[in-house]
Amino acid sequence: MGLFKQLLKFLQRPLRPLRLNNPLCTTNQSSPPIANPKSKIYNPKSNMLSVPEAIRIVIEQTRQLKPERVALSSALGRVLAEDVIADSDLPPFDRAQMDGFALRSADTESAPVRLRVVGESAAGRGWHVLMRAGEAVRIMTGAPVPTGADSVQKVEVTSEADGFVEVYERTQVGQFIVSRASEVRAGETVLRKGETINAPKMAALASFGYSEISVGAQPRVAVLATGSELVRVDQKPCADEIRDSNSFSIGAYAQLAGAQVERLPLAGDDPELLQREIAEAATRFDALILSGGVSMGVYDFTKAALRALDAEIFFERVSLRPGKPTVFARLCDALVFGLPGNPVSVSVTFNLFARTALRVMQCDAEPALVEERAVLARSVKGSVERASYLPATLLTSEDGRLLAQPLKWGGSSDFVSFTRATALIIVPEGVRSVEANEVVKIIRLPS
């Protein structure tokens with residue numbers, strides 16, 4: 001039976017838990033999750049996980065996707081799945097740094113001197129004749145230095161006429177010459193697996209002949225917003241309704257993380273519909289990211305749906321403000337993230353946890369956002385029970401210090417104020433407040 005017919009039959013049958021050996025659960029990833037006997041197994045009755053512990057579990061339980069080869073023109077922003085090796089010296093010859101004249105330094109010891117101009121070396125059209133004593137070769141920036149020459153004098157301190165050049169200042173051996181292989185030798189590793197390809201790295205790949213390159217595959221991500229209060233963006237909300245914004249912020253963040261994104265139709269608060277949508281998405285995507293329905297309310301159905309489908313739940317509470325009721329699970333080969341419904345909580349938890357998983361799938365050597373340090377521009381309040389990740393903008397003081405300016409915001413639903421955020425200030429658990437001018441940890445938000 002074809003996969004489509006099998007899926008249709010599954011969706012039409014009475015709803016029941018989906019077991020991990022269900023034939024719909026096909027393997028499409030290459031590396032198994034990393035086994036770690038020291039891993040903390042999540043127990044919902046125990047204390048909440050710390051953010052670092054939750055990130056570690058995400059990394060351990062995420063499989064790298066099978067790499068793919070792409071044309072260099074399509075490689076920008078992708079993650080290298082192989083080391084890049086220089087196939088030639090760089091520069092491949094002794095190269096002039098200035099427009100001027102290639103000559104022998106010994107001929108200029110009694111400068112000013114008069115030398116005979118015997119040829120010209122230009123970029124792509126060198127002068128490949130042995131240059132002798134008393135001779136000079138007109139040379140352009142980037143051109144090969146002729147054999148016999150050991151220095152270049154810039155054109156500004158010379159004058160040329162009637163086949164001769166007057167050199168007014170002496171030169172030193174190696175002056176204005178970039179020696180062959182002084183930057184890279186053939187066989188050296190230029191870029192490492194796990195690095196993200198940016199514009200300068202595109203130049204390196206092109207210089208060493210990588211017309212195609214092996215990169216991490218882009219994860220296929222489904223985004224599903226839940227809640228009967230949600231309506232489509234093109235609809236006018238009625239009483240008690242709001243437009244869906246979470247699926248668009250999640251989708252945008254996922255694209256910034258390198259994923260291919262599909263936004264699924266709104267699920268409302270229908271438990272059976274939600275269960276079916278999750279089950280179907282687990283067969284089609286590498287990751288499913290839901291928003292809403294993960295707290296303890298009467299209409300919070302996400303965790304119940306995952307349990308009914310026999311998903312493997314790794315954690316469902318994190319010591320984090322905002323974002324405590326974050327869920328991380330696996331169903332079939334798909335990772336499932338259940339994020340809180342408030343828009344700021346969505347942004348914080350996506351970038352801490354879901355983004356990390358998507359970068360692991362692509363072979364990123366540093367999948368989690370990197371912590372940095374900045375000086376706090378204004379005092380902030382923390383939480384005794386949870387670590388706080390507070391929105392901020394970054395700026396530089398007149399004396400060169402990196403400053404974190406906390407945003408004035410109204411809580412985890414204040415997505416309008418959060419639009420100005422460029423970073424998150426980290427206030428550790430148990431710290432009630434941090435005063436201005438203290439050094440704090442921050443992470444920069446992707447943009």
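Rule-based calculations on the coordinates, nothing more; no lab input. Being a predicted model, the structure only gives us computed values, none of them experimental. A quick note on method: Cβ atoms are made from the backbone with ideal geometry, for glycine too, and the neighbour counts reach across all protein chains shown.
A few remarks follow.
- Comparing Val129, Val178, Val380 in a Gaussian network model of the chain where C-alpha atoms under 10 Å apart are linked, the largest mean-square fluctuation is found at Val129.
- Among the GluC sites (Glu not before Pro) in segment 374-433, those located in a DSSP loop and surrounded by at most 16 other Cβ atoms within 10 Å of their own Cβ are Glu385, Glu398.
- Per-pair calculated FRET efficiency, R0 = 51 Å: Lys381 and Asp87 via Cβ, rounded to 0.05: 0.35
- For segment 203-238 versus segment 368-427, the inter-centroid distance based on Cα atoms is 26 Å.
- Packing rank of 60-68, 356-364, 105-113, where each peptide gets the mean count of other beta carbons within 10 Å, highest leading: 356-364, 60-68, 105-113
- Three-way shape call for segment 328-413 based on the alpha-carbon gyration tensor, with the a/c threshold at 1.5: oblate
- Taking a sphere under 14 Å around the Cβ of Arg185 and counting the other residues whose Cβ falls inside, with K and R at +1 and D and E at -1, yields a net charge of -3.
- 3J(HN,Hα) couplings calculated from phi for segment 93-104 with the Karplus curve 6.51 cos²θ - 1.76 cosθ + 1.60 (θ = phi - 60°) are, in sequence order, 7, 5, 10, 6, 8, 9, 6, x, 9, 7, 7, 9 Hz; Gly and Pro show x.
- Anisotropy class of segment 371-444 from Cα gyration tensor, a/c 1.5 cut: oblate
- Top of Asn351, Asn437, Asn342 by mean-square fluctuation, Gaussian network on the chain, Cα under 10 Å: Asn437
- Under the criterion of Cα pairs below 8 Å and six or more residues apart, the relative contact order for the chain equals 16 percent.
- Given charges at beta-carbon only (K, R positive; D, E negative), |dipole| of the chain in Debye: 1520
- What the phi angles of segment 116-133 give under the Karplus curve with 6.51, -1.76 and 1.60, with θ = phi - 60°, is a coupling list of 7, 7, 10, x, 9, 10, 10, 4, x, 8, x, 10, 10, 10, 4, 8, 10, 4 Hz, glycine and proline written as x.
- Charge tally in the Cβ shell below 9 Å around Gly258, where Lys, Arg are +1 and Asp, Glu are -1, Gly258 excluded: +1
- Spin-label proximity, Glu366 to segment 396-421 - amide N less than 19 Å from point 7 Å beyond Cα toward beta carbon: 402-403
- Overall form of segment 95-178 per C-alpha gyration tensor (a/c, 1.5; a/b vs b/c): rounded
- Environment charge at Gln405 (Cβ cut-off 11 Å; Lys +1, Arg +1, Asp -1, Glu -1): +3
- Of all beta bridges that DSSP places with both ends in the chain, some 70 percent have antiparallel geometry.
- Our helix-only sum for the chain, with -39,500 (n - 2.57) per DSSP H run of n ≥ 4 divided by its residues, gives a mean residue ellipticity at 222 nm of -5000 deg cm²/dmol.
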